[in-house]
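Trainee: The following block contains the structure, expressed as structure tokens.
The values are calculated or read from the model by the stated rules, or taken from the named source; none is laboratory data. Model, not experiment: these values are computed from the prediction. As a convention, Cβ positions derive from the backbone with ideal geometry for all residues, glycine included, and neighbour counts pool all protein chains shown. These area figures cover heavy atoms from the full protein model, side chains too; ligands, DNA and RNA do not enter into them. Shrake-Rupley method; radii C 1.70, N 1.55, O 1.52, S 1.80 Å.
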Amino acid sequence: MKQTFTDISVNGEPISPELIATEAQNHPAPKGKPGRAWMAAARALAVKTMILQEARRREIVAEPLELAPGQWETDDEALVRQLLEVAVVPEVPTEAALRAVYEANPERHRAPSLYEAAHILFSARPEDVVARKIAKDKATAVLADILAKPKSFDGLARDHSACSSKANGGRLGQIAAGDTVAEFEAALKLLSEGEIAREPVESRYGFHIIRLDAKAEGKVLPFEAVEPALRTAAEKAAWVRASRALVESLAAQAEVTGINLRAA
């Protein structure tokens with residue numbers, strides 16, 4: 001059955017179906033359920049309309065900012081920004097609150113671990129099924145030779161690796177957490193110093209034979225080192241709460257037809 005929508009207005013100001021249809025393009029919805037995008041767009045426009053009405057009620061004059069050379073805010077964008085600047089007053093996080101967040105789980109605040117590793121790469125594009133099979137077979141065969149004779153790693157890296165590190169026996173030097181693809185890093189975390197992974201490790205680049213030469217576990221950082229990041233996160237969360245409270249307050253006072261702003 002075809003879904004129908006009632007006329008939508010905020011304090012008597014209508015929001016046209018054409019405008020909602022345009023805005024709906026910015027709101028993804030499950031396949032076959034375009035109505036969800038429509039409703040999300042309608043709520044977003046209703047909230048925007050309330051904010052613009054409040055800006056006019058406060059007699060705020062639009063002062064557009066230049067976002068990039070030659071690119072300026074529209075008057076409506078400027079009014080929304082200016083209203084939020086004066087009407088949203090987020091709670092300032094205290095040091096005690098930030099310290100409580102830190103002490104609740106200090107393990108979350110570790111410095112990145114450092115690794116010294118070597119690898120032999122057998123490259124193959126992710127979409128090339130045949131090349132992936134050949135690369136895996138070659139990696140498996142070479143790994144068997146290395147496990148039987150670990151000192152052969154350097155020479156086999158120079159002979160087989162598709163990585164520029166082959167010139168250095170496959171050694172990658174010092175790398176930090178986040179410097180490599182997730183699969184490579186996950187393998188490093190499971191290895192002890194001097195150990196070679198017992199199976200080739202697959203990534204989007206192909207298959208890797210990996211050896212961990214050294215590892216320095218990242219230490220838990222002191223509160224003073226992470227306080228700036230904690231404060232930034234807390235300030236962002238406080239702004240979201242305060243802006244939501246503003247919208248809820250405006251919605252409670254507004255006469256809205258055709259849409260439920262509680263889901264906005």
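Trainee: Report in % the part of the accessible area of the chain that belongs to carbon and sulfur, leaving out ligands and nucleic acids; probe 1.4 Å.
Mentor: Carbon and sulfur together cover 54 percent of it.
Trainee: Give the residue from 237, 177, 257 lying farthest towards the positive end of the charge dipole for the chain; charges sit on Cβ (+1 for Lys and Arg, -1 for Asp and Glu) and the dipole is referred to the Cα centre.
Mentor: Farthest along the dipole direction, towards plus: 177.
Trainee: With a/c under 1.5 counting as rounded, go ahead and sort the stretch 17-77 into rounded, prolate or oblate using the C-alpha gyration tensor (a ≥ b ≥ c being the square roots of the eigenvalues; past the cut-off, prolate if a/b is larger than b/c, else oblate).
Mentor: oblate
Trainee: What area, in nm² and to one decimal, does the C-alpha convex hull of the stretch 82-146 cast on average over all directions?
Mentor: For the stretch 82-146, the mean projected area of the Cα convex hull comes to 11.1 nm².
Trainee: Expressed as cubic angstrom per residue, what is the convex hull volume of the alpha carbon set of the chain?
Mentor: Per residue, the Cα convex hull of the chain comes to 237 Å³.
Trainee: Eight or more residues apart or on different chains, and alpha-carbon atoms under 19 Å: count the Lys pairs in the chain matching that.
Mentor: Count of close lysine pairs: 10.
Trainee: Let me ask something additional. In the stretch 124-185, which GluC sites (Glu not before Pro) are in a loop and have at most 13 other Cβ atoms within 10 Å, using DSSP for the loop call?
Mentor: The qualifying sites are 127.
Trainee: Further, regarding this structure: Find which of 96, 72, 41 sits farthest along the positive direction of the dipole of the stretch 24-101, computed with +1 on the beta-carbon of Lys and Arg, -1 on that of Asp and Glu, about the Cα centre.
Mentor: The Cα lying farthest towards the positive end belongs to 41.
Trainee: Positive end of the charge dipole of the chain (Lys, Arg +1 and Asp, Glu -1 on Cβ, about the Cα centre): tell me which of 27, 121, 17 has its Cα farthest that way.
Mentor: My answer, from the dipole projection, is 121.
Trainee: Residue by residue through the stretch 206-211, which ³J(HN,Hα) values in whole Hz follow from phi under the Karplus form 6.51 cos²θ - 1.76 cosθ + 1.60 (θ = phi - 60°), with glycine and proline marked x?
Mentor: Those phi angles translate into x, 10, 10, 9, 10, 10 Hz.
Trainee: Which angle from 0 to 90°, rounded to the nearest 10, does the C-alpha axis of helix 75-87 make with the longest principal axis of the chain?
Mentor: Result, in degrees: 90.
Trainee: Using the Karplus curve 6.51 cos²θ - 1.76 cosθ + 1.60 with θ = phi - 60°, work out ³J(HN,Hα) for each residue of the stretch 35-51 in order, rounded to whole Hz, and write x for Gly and Pro.
Mentor: x, 5, 5, 4, 5, 5, 5, 5, 5, 4, 5, 5, 5, 4, 5, 4, 5
Trainee: Same structure again: Determine by what factor the alpha-carbon radius of gyration of the stretch 1-127 differs from 2.2 N^0.38 Å, reporting the quotient.
Mentor: The reported ratio for this selection is 1.73.
Trainee: Take the Cα atoms of the stretch 155-194, build their convex hull, and give its volume per residue in Å³.
Mentor: 92
Trainee: Taking loop as defined by DSSP and a crowding limit of 10 other beta carbons within 10 Å, which trypsin sites (Lys or Arg not before Pro) in the stretch 225-264 fit?
Mentor: none
Trainee: Follow-up. Accessible area per residue for the chain in Å², computed with a 1.4 Å probe and the full protein assembly in place, what is it?
Mentor: Normalised by residue count, the accessible surface of the chain is 62 Å².
Trainee: Evaluated at 20 °C with a viscosity of 1.002 mPa s, what Stokes-Einstein diffusion coefficient in µm²/s does the stretch 61-177 have when Rh comes from the Kirkwood expression over alpha-carbon pairs?
Mentor: 104
Trainee: Right, something else. Run the dipole for the chain about the Cα centre, Lys and Arg Cβ at +1, Asp and Glu Cβ at -1, nothing else charged, and hand back the magnitude in debye, nearest 20.
Mentor: 1140
Trainee: Another question about this same structure. Evaluate the Debye formula for the stretch 121-192 with equal point scatterers sitting on the alpha carbons, no solvent, and hand back log10 of I(q)/I(0) at q = 0.18, 0.23 Å⁻¹, in q order, two decimals.
Mentor: Listed by q, the Debye log ratios stand at -0.87, -1.29.
Trainee: Using θ = phi - 60° and the Karplus curve 6.51 cos²θ - 1.76 cosθ + 1.60, what whole-Hz ³J(HN,Hα) does each residue of the stretch 57-70 get, with Gly and Pro shown as x?
Mentor: 4, 7, 6, 6, 9, 4, 10, x, 9, 7, 7, 7, x, x
Trainee: Suppose every K and R has +1 on its Cβ and every D and E has -1 on its Cβ; what is the size of the dipole of the stretch 107-264 about the Cα centre, in Debye to the nearest 20?
Mentor: Computed about the Cα centre, the dipole is about 180 debye.
Trainee: Equivalent ellipsoid semi-axes for the stretch 181-241, as square roots of 5 times the alpha carbon gyration tensor eigenvalues: give them largest first, rounded to whole Å.
Mentor: Sorted largest first and rounded, they come to 37, 17, 6 Å.
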